[in-house]
Amino acid sequence: MGLKIYKAAYQVALILPILSIVIYAQLPQWRLASGTEDVYISDIDIYHSNPDTLYATGQQFLISTDKGEHWDSVSSGIAYSVIEIDPFDSKRIYLNHGILPFDGNEILMTTDGGVNWNSLFLGFCLGPLGCDFLVIETDPGDLNTVYIDVNSNTFYRSSDHGNTWDSIPSPDAIGLSSLAISPSSNKILYAGYTLPIQIYKSTDRAQTWTQLPFPLINYYESGIFIAVHPLNPDIVYTTIQAGDSRGVYKTTDGGQTWDQMSNGLDSLQGYDWIHTIVINLEEPETLYLGVSNTPPQNPGLFRSIDGANSWFPFNAGLPDYAGVSSIVIDTLNERLYANAGGGIYIYDYSLSSVYDELNEFPETFSLYQNYPNPFNSSTIITYSLSERAYVTLKVYDILGREVRKLVKILKDSGTHHAVFNADGLPSGIYFYCLTTGTISLVRKAVFIK
């Protein structure tokens with residue numbers, strides 16, 4: 001049995017890149033969500049404890065409770081703003097917005113889902129060149145903790161849902177553009193600056209910072225954005241706007257050396273600014289790049305399925321000349337959200353349905369994607385039986401070794417749940433297998449400490 005599972009896991013791992021190509025070529029185009037027509041959107045966030053709920057900020061402050069299909073206005077919005085939802089309370093939301101014209105920023109918080117807002121911090125800067133970008137980041141390793149930046153370059157951290165805040169050290173640099181926390185080791189943070197380009201790293205949870213070598217250290221930039229690999233804090237991506245060096249850079253040694261990874265981005269022109277880079281936490285080799293675009297008609301969204309080695313346009317169904325500055329991935333419902341032009345657009349990548357079709361899963365029983373996924377500590381695995389059966393549910397690591405036995409019992413028909421507690425296991429990809437009789441179903445879970 002162990003050998004069969006190892007082969008099944010190995011085959012799943014081998015076909016993932018092929019599946020991504022199939023999905024890219026065959027799935028439906030982007031489609032506009034109801035209630036967002038002609039509404040300028042600056043940022044979108046998802047409530048990961050229940051990803052049916054999302055919020056968006058911009059011309060209006062919007063909410064959706066049906067996986068983004070329909071959106072309703074909660075209050076008037078703030079055009080130049082970003083949001084972050086508390087992971088444990090869908091009504092508690094942080095908002096960082098710019099004070100125009102280029103005077104600074106203000107941090108707001110709501111505890112009633114955006115109906116009323118309280119001001120937490122107010123910061124000022126010396127003109128547009130001295131202003132930081134709008135930064136709010138939840139610590140992926142400690143979901144009680146959130147980081148914010150107040151102009152100019154002043155970091156605060158709260159570990160009690162925004163009730164109290166501590167000032168923490170920040171690098172001695174100008175023009176903060178992005179702050180990224182490693183999902184697999186939250187002591188490691190990366191901060192990107194633009195005046196000039198500088199990238200800093202902390203390995204002690206922002207108590208001290210070290211400047212990293214970077215090939216464009218003397219360039220002045222309009223904005224760089226950083227994304228950290230979910231399983232390896234030494235793999236980092238950053239975006240650059242500067243002239244012929246425009247594109248994506250990648251390090252695999254924690255920032256000591258960088259390689260340009262811009263194959264497929266040749267169509268970007270002088271005013272096509274890169275606004276965001278996002279990694280699919282469940283498929284770390286899949287990345288998305290949101291850009292503005294200028295005539296002639298250039299893509300506003302690019303995708304890579306091979307760790308940034310190559311990029312392809314991913315904007316079928318998006319409006320012409322529409323810049324994308326916010327991309328959100330719902331791994332549970334296998335759905336993407338992006339702002340483009342006037343509106344919020346949805347894309348269903350339905351990875352699990354492709355698995356089902358290729359493996360011809362039987363209708364007698366079903367194995368569902370675990371929730372949450374990726375997960376920290378524990379996750380729930382759901383399965384259903386159409387008739388009474390003797391079932392086993394086991395978890396295997398990437399090498400096919402059994403690490404947990406969750407179920408081995410006679411079960412009645414119906415829907416059942418099992419808890420996979422990963423305490424004592426290393427971060428990484430695991431496969432859980434449901435077996436009844438001679439038939440087995442396999443799915444993948446991502447554990448991030």
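The numbers here are math on the coordinates, done by the rules we state, and not lab data. Small disclaimer: the values here were computed from a predicted structure and weren't measured. Here the Cβ is made from the backbone with ideal geometry for all residues, glycine too, and neighbour counts use every protein chain on show.
Can you list residues whose amide H is under 5 Å from Gly58's amide H, if they're 5+ apart or on another chain and H is modeled 1.01 Å from N?
Under 5 Å from the amide H of Gly58 lie the amide H atoms of Ser42, Ile78, each far enough along the sequence or on another chain.
Using the Cα centre of the chain as the reference point, and only Cβ charges (+1 on K/R, -1 on D/E), how large is the resulting charge dipole? Debye, rounded to the nearest 20.
On the way: 24 positive and 47 negative charges, 292 e Å.
Using only the charged Cβ atoms, the result is roughly 1400 debye.
For a quick check: with amide H placed at 1.01 Å from N, whose amide H comes under 5 Å from Leu120's, ignoring anything fewer than 5 positions away on the same chain?
It is Ile107, Leu108, Met109, by chain and number.
Can you list the aspartates and glutamates whose alpha carbon is less than 17 Å from that of Lys408, not counting same-chain residues fewer than 8 positions off?
Straight-line reach from Lys408, under 17 Å: Glu387.
Identify unpaired cysteines across the chain, taking unpaired to mean no other cysteine Cβ lies under 4.7 Å from the residue's Cβ.
Cys433, each lacking another Cys Cβ under 4.7 Å.
Can you tell me which of 215-224, 438-447, 89-98 comes out highest on packing, and rank the rest after it, using the mean Cβ neighbours within 10 Å? The partial results should precede the final answer.
Details: 215-224: 16.5, 438-447: 18.1, 89-98: 20.8.
Going from most to least packed, we get 89-98, 438-447, 215-224.
In Å and whole numbers, how far do the C-alpha atoms of the range 107-190 stretch along each principal axis, longest first?
Ordered largest first, the range 107-190 gives principal extents of 35, 34, 18 Å.
Tell me which label goes with the value of semi-axes √(5λ) of the Cα gyration tensor in Å computed from the coordinates here: [x] 69, 42, 18; [y] 40, 24, 20; [z] 37, 24, 23.
Answer by label: [z].
Rounded to the nearest Å, what's the spacing between the alpha carbon centres of the range 377-417 and the range 208-231? Just the number, please.
44 Å
At a 10 angstrom cut-off on C-beta neighbours, averaged per residue, how do the peptides 386-394, 35-43, 194-202 rank from highest to lowest? Write out the running numbers ahead of the final one.
On the way: 386-394: 15.3, 35-43: 18.9, 194-202: 21.2.
The densest-packed peptide leads the list: 194-202, 35-43, 386-394.
Sorted by mean Cβ packing within 10 Å, highest first, what order do the peptides 400-411, 270-281 take? Walk me through the numbers on the way to the answer.
Values: 400-411: 13.5, 270-281: 18.9.
Descending packing order for the listed peptides: 270-281, 400-411.
If you take the alpha carbon radius of gyration of the range 40-183 and divide it by 2.2 N^0.38 Å, what ratio comes out, to two decimals?
Here the answer is 1.01, to two decimals.
Aspartates and glutamates within cross-link reach of Lys201: Cα-Cα under 13 Å, excluding same-chain residues under 8 positions apart?
Partners within reach: Asp172, Asp234, Asp253.
So which of Lys411/Lys444; Lys394/Lys444; Lys67/Lys250; Lys91/Lys449 end up more than 21 Å apart by C-alpha?
Details: Lys411/Lys444 23 Å; Lys394/Lys444 12 Å; Lys67/Lys250 33 Å; Lys91/Lys449 26 Å.
Pairs exceeding the cut-off: Lys411/Lys444; Lys67/Lys250; Lys91/Lys449.
Can you give the angle from 0 to 90° between the axis of helix 2-26 and the longest principal axis of the chain, with both taken from C-alpha atoms, to the nearest 10?
It is inclined by approximately 50 degrees.
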